[in-house]
Amino acid sequence: MRIKFVVALLLVLTSSACGLAARAADGPNFTRTEDVIYGRKHGVALTLDVFQPKENANGAGLIFVVSGGWFSAHANINAAFVQEFVNRGYSVFAVVHGSQPKFTIPEVLEDMHRATRFIRSKAADYKFDPNRLGIYGASAGGHLSLMQGTAGTAGNKEARDPVDRESSRVQAVACFFPPTDFLNYGKDGEIALGRGVLKNFRAPFDFHELDNSIRAFVPITDEAKVLEIGRQISPINHVTVDDPPTLIIHGDADLLVPIQQAQLIITKLKSVNVPAELVTKPGAAHGWPGLDKDLVTLADWFDKHLKK
């Protein structure tokens, strides 16, 4: 079960042979800058790749969340998932976050806030409008995209680091089959914090805290604390009227991330009058042949909400 789950969640966005071949070279209509450092933690550099159109830039930026099963690596940046967007003039920032099994979801979310702030702080350098920034991803990448859309925060204007003075909010979200509510996963009351469907996929949910008395990280075993973290990492619990327009594409035969997850958050977004749309893929499971062609739908969404 663990192998099947990891493959299904991860391989959607991992590099194909052609993706790997594209790593070291610019594309026909874009330049690629690799391993730009957007932050550091625990002595480790956090990096992103920047894809910029050579011509016809539209002045907007997109964050591509490189994540499947909350696993992230530079080798998994697939240029095929960037091409449609640079074709339309977007500058695309492929973000690699601190990966499981080393880091948990709360730690990954910190990376995504940092990456978003960093990208916005470099808007002048990369020639895009910091007020027209979208985000996209699939599965875990979709979950992280929705968290950025619903739980992005204003910058701290008093921060010493100028990056931290920037907002981590985005202006549009589009994603594939994202988890949205880990405490109601597939049905009311079904907990999926490394349990249930995700019972063999525990590392991202291995929550821990620092015990100052022994100066070591220890597992969080208090159920109330665990559930509160589960609520905080679920996008459904952060929906507010000022959230960005959101699009989700989801297969109705998905057994790993039930389409109920998309339905829940789309319904809640609409209830507060946020533009939101669910595109259902009949008979599709967690990923499908030709998924890359559905990037056109994502690009159309960003054109609608980010282009001037």
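Tabulated data
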quantity: When residues of segment 99-152 are limited to those that are of a type in the set (S, T, Y), touching a Ser or Thr at 6+ places or on another chain (Cβ under 7 Å) and surrounded by fewer than 24 Cβ atoms within 10 Å (Cβ to Cβ), the one farthest from L198 (Cα to Cα); calculated: Y126
quantity: Among the candidates D243, D292, residue that is farther than 21 Å from L183 by Cα, surrounded by 18 or more Cβ atoms within 10 Å (Cβ to Cβ) and of a type in the set (D, E, K, R); calculated: D243
quantity: Odd one out for F201, checked against (1) in a loop (DSSP other than H, G, I, E, B); (2) at pLDDT below 95; (3) farther than 20 Å from E107 by Cβ; (4) not hydroxyl-bearing (S, T, Y); calculated: (3)
quantity: The one condition in (1) under 15 Å from I233 (Cα atoms); (2) surrounded by fewer than 23 Cβ atoms within 10 Å (Cβ to Cβ); (3) not aliphatic (A, V, I, L, M) that K187 fails to fulfil; calculated: (1)
quantity: Every pair of residues 6+ apart whose Cβ atoms lie under 8 Å, when the first sits in segment 262-289 and is at positive phi while the second is part of a helix (DSSP H, G or I) and surrounded by 14 or more Cβ atoms within 10 Å (Cβ to Cβ); calculated: G287/A8
quantity: Residue satisfying condition, being closer than 27 Å to S234 by Cβ and of a type in the set (S, T, N, Q), within set N76, N58, N131, N29; calculated: N76
quantity: Residue pairs meeting the criteria (Cβ under 6 Å; at least 6 apart or on separate chains; first in a helix (DSSP H, G or I), in segment 130-147; second among the β-branched types (V, I, T)); calculated: G141/V65; L144/V65; S145/V65; S145/I135; S145/V173
quantity: Counted residues, segment 192-227 - those being surrounded by 14 or more Cβ atoms within 10 Å (Cβ to Cβ), of a type in the set (D, E, K, R) and more than 24 Å from Q263 (Cβ to Cβ); calculated: 2
quantity: In segment 210-247, the residues that are in contact with a strand residue (DSSP E or B) (Cβ under 7 Å, 6 or more places away or on another chain) and farther than 28 Å from S271 by Cβ; calculated: L210, D211, F217, V218, P219, I220
quantity: Selection count where residues are in contact with a helix residue (DSSP H, G or I) (Cβ under 8 Å, 6 or more places away or on another chain) and over 18 Å from F176 (Cβ atoms), scope segment 66-86; calculated: 1
quantity: Cross-chain or 6+ apart pairs with Cβ under 6 Å, segment 35-64 first and over 16 Å from S91 (Cα atoms), then of a type in the set (S, T, N, Q); calculated: I37/T47
quantity: Residue within segment 172-182 that is part of a helix (DSSP H, G or I) and either over 20 Å from T246 (Cα atoms) or within 19 Å of the chain's Cα centre (by Cα) (or both) present; calculated: no
quantity: Verdict on S234 being modelled with pLDDT of 95 or more, touching an Asp or Glu at 6+ places or on another chain (Cβ under 6 Å) and not aliphatic (A, V, I, L, M); calculated: yes
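The values are calculated or read from the model by the stated rules, or taken from the named source; none is laboratory data. Worth saying up front: this structure is predicted, and the values here are computed from it rather than measured. Ideal geometry is used to build each Cβ from the backbone, glycine not excepted, and the neighbour counts take in all protein chains shown.
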